[in-house]
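Working notes for the structure below.
Just so you know, all these numbers are worked out from the coordinates, no wet-lab data involved. The structure displayed is predicted, hence computed values, not measured ones. No Cβ is skipped: glycine too gets one built from the backbone with ideal geometry, and neighbour counts run over all protein chains shown.
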Amino acid sequence: MDIIWAPWRMSYVDGSDVKGSERVEVGGDADADCFICQAVFDVGHDRERLVICRTESTVTLLNKFPYNNGHLLVAPCDHVGSLGCVCEAVQLQILREIDRWVKVLEGLMKPDGFNIGLNLGRSAGAGLPGHLHWHIVPRWNGDTNFITTISSTKIIPQSLNALWEILNSSR
């Protein structure tokens, strides 16, 4: 029997590391326990926070617990959990960042398609319902195979550090 090791997922399974690494001071209406707010304010530690891009109003980061290789999150910098709290200018910037990163991923990883979406509220699957974030999940024909189907196991062939390096060099 082959064994697939993914020890970095244990902190997700047991809930011991859902808040990220060392906490930093956050300002304004930010939430000190929110990993996205921590990424927004911890500017000097982008690699550790998995941040690959910042704009004036958004932050883009790797999903620490990805559904697939290349899984990104695009979020407003402000800690808001409702679409009505995001002004039109920030909504437009979020869409522009999603479009930009889809093009980057297409060029670097050559996926056959994407799942792009927002889980609005905990009952809809939002693991962090207080801070809106859009998922960009690259998909490849055949990326669901027997192991996913019969054992609820996903194989992700690239480390987060390697992906961060590739995406960071594309800026």
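Tabulated results
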read-out	value
Residues with amide H under 5 Å from that of C53, placed H, sequence gap 5 or more	T60
Dipole of segment 53-169 [Lys/Arg +1, Asp/Glu -1 at C-beta], most positive-end residue of L167, P66, N115	P66
Check: segment 53-169 dipole with +1 on Lys, Arg Cβ and -1 on Asp, Glu Cβ, in debye	220
GluC sites (Glu not before Pro) lying in DSSP loop within segment 49-116, provided at most 14 other Cβ fall within 10 Å	E56
Mean projected area in nm² (Cα convex hull; one quarter of hull surface) for segment 53-169	7.7
Extended-chain gain in nm, criterion 0.36 nm per residue less alpha-carbon gap, S123 and L95	7.7 nm
